[in-house]
Amino acid sequence: MLKVVLYTTIALIALSCNLGQNGAAAPALVKDSTTVQILDSAYDFGKANEGEKVDFAFRFKNTGTKPLIIQNATASCGCTKPTWPKEPIPPGAIGSVKAEFNSEGRAGPAYKVITVISNAKPAFPPLKLTGVVVKKSA
């Protein structure tokens, strides 16, 4: 009986992993892909004092014929929080992925990368936020 439960559990885990990779949403994104023009792919904020928050909106334009759907945006560090439009961006419209960098405890050079997952083909390039965080004086 224990073997049956173990094999069933393993099979369910394997199936759930495959659903994430081969689910119904993935083919629709390829079928309904669009093109995008990146208006801002990098931002150098110069210098910021430790503890300041740096905000920037990376703009893009949907240059295709289908709505642009952004599924997710992730940052290379927990100190940077990306936000993105949850509604589809219609053809011809301009949208943005916003990034908020919290410089608390991050003195020194800053190099943060935001990765955007969407139905754009070719895919979004990495969005880069750079600068220098000046340490608080004691």
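Couple of notes before you dig in:
- When each of the peptides 50-56, 60-66 is scored by the mean number of other C-beta atoms lying within 10 Å of its residues, the order from highest to lowest reads 60-66, 50-56.
- For the residues Thr80, Thr74, a 1.4 Å probe over the protein chains yields an accessible-area ranking, largest first, of Thr74, Thr80.
- Amide H within-cut-off set for Arg106, under 5 Å, with H built and near neighbours excluded: Gly51
- Reachable aspartates and glutamates from Lys128, criterion Cα separation under 14 angstrom, eight or more residues apart if same chain: Asp40, Asp44, Asp55, Glu100
- Figure legend: label point modelled 7 angstrom from the Cα of Ala93 along Cα→Cβ; residues of region 109-136 with amide N under 17 Å from it are 118-120.
- Extension gain, Asp44 to Cys77: 0.36 nm times the residue separation minus the Cα-Cα distance gives 10.2 nm.
The values are calculated or read from the model by the stated rules, or taken from the named source; none is laboratory data. Every value quoted in this text rests on a predicted model; they were computed, and no experiment measured them. All Cβ positions, even for glycine, are placed from backbone atoms using ideal geometry, and neighbour counts span all protein chains on display. Accessible surface areas use protein heavy atoms only, side chains included; no ligands, DNA or RNA. Shrake-Rupley method; radii C 1.70, N 1.55, O 1.52, S 1.80 Å.
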